[in-house]
Amino acid sequence: PLDSISPEVDEILTLVAQHPGVYLNTGHVSGEEAVRLVDLSFSYGIKGVVVAETAVAELSVEEQKYVAGKGAYLEHSVAQYIGDGTIPRTHYYVEPDYMYDGIVDAATHRPNLRGLGDQIRDVGPEHFIISSDYGLRALPTPVEGMRMMAACLLDMAFSSEEIRTMMCTNPANLLSLE
């Protein structure tokens with residue numbers, strides 16, 4: 001139940017709060033559970049929270065703005081959008097004409113690739129972390145995945161600085177490296 005805290009959740013949140021170098025990732029929970037975890041995390045004094053890609057997919061833009069306003073980062077992974085064979089691409093880049101195609105699953109608020117760009121614009125790049133979720137045998141290397149995503153973001157008119165924010169600065173801030 002979302003109106004109470006189980007002993008296991010209390011223990012996890014307490015442990016994370018006691019170790020400032022550790023951040024909380026909501027994991028593959030529902031959107032509603034992710035919002036609850038964000039609220040609880042900050043009440044426990046946890047400084048770093050990432051709402052995992054699967055939970056983000058269940059959050060409306062308004063809910064994403066809410067958790068971002070609390071200080072949580074929102075994660076999107078390249079593998080959600082590129083590399084699974086749903087989006088036609090040339091040798092290196094996703095074709096811009098296909099960015100509205102290839103919805104990966106039926107999650108309530110998971111957009112296609114172009115919709116992802118619109119979502120990032122609505123909430124703000126300063127609230128997102130782009131990960132690869134690559135490294136699996138059937139997918140490209142993580143570096144190649146991130147390169148492909150950077151190319152797609154450039155095609156959607158994101159600046160180099162905005163891309164750096166999502167791929168470098170925000171993760172570094174989360175890990176207290178900056």
#### Entry: Ranked order, 141, 54 - accessible area, probe 1.4 Å, largest first
141, 54
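Test of understanding: express the Cα radius of gyration of segment 1-85 as a ratio to 2.2 N^0.38 Å, with N the residue count. Write down the numbers at each step before the final one.
Working: Rg = 13.2 Å, N = 85, 2.2 N^0.38 = 11.9 Å.
Relative to the 2.2 N^0.38 Å estimate, segment 1-85 comes out at 1.11.
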### Query
What is the calculated FRET efficiency for residue 154 to residue 30, with r their C-beta to C-beta distance and R₀ = 30 Å, to the nearest 0.05?
0.35
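Given R₀ = 45 Å, FRET efficiency for residue 6-residue 144 by Cβ-Cβ distance, to 0.05? It would help to have the intermediate numbers written out before the result.
On the way: r = 41 Å, r/R0 = 0.90.
Result of the calculation: an efficiency of 0.65.
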## Note on the structure
A chain fully extended from residue 133 to residue 172 at 0.36 nm per residue, minus the present Cα-Cα distance, gains in nm 12.3 nm
#### Entry: Whole-angstrom gap from segment 144-178 to segment 5-65, using each part's C-alpha centre
23
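The values are calculated or read from the model by the stated rules, or taken from the named source; none is laboratory data. Only a predicted model underlies this, so the values are computations on that prediction, with no experimental measurement involved. Please note: Cβ atoms are built from the backbone with ideal geometry, for glycine as well, and neighbour counts cover all protein chains shown. Accessible surface is based on the protein model in full, side chains and every heavy atom, while ligands, DNA and RNA are left aside. Shrake-Rupley method; radii C 1.70, N 1.55, O 1.52, S 1.80 Å.
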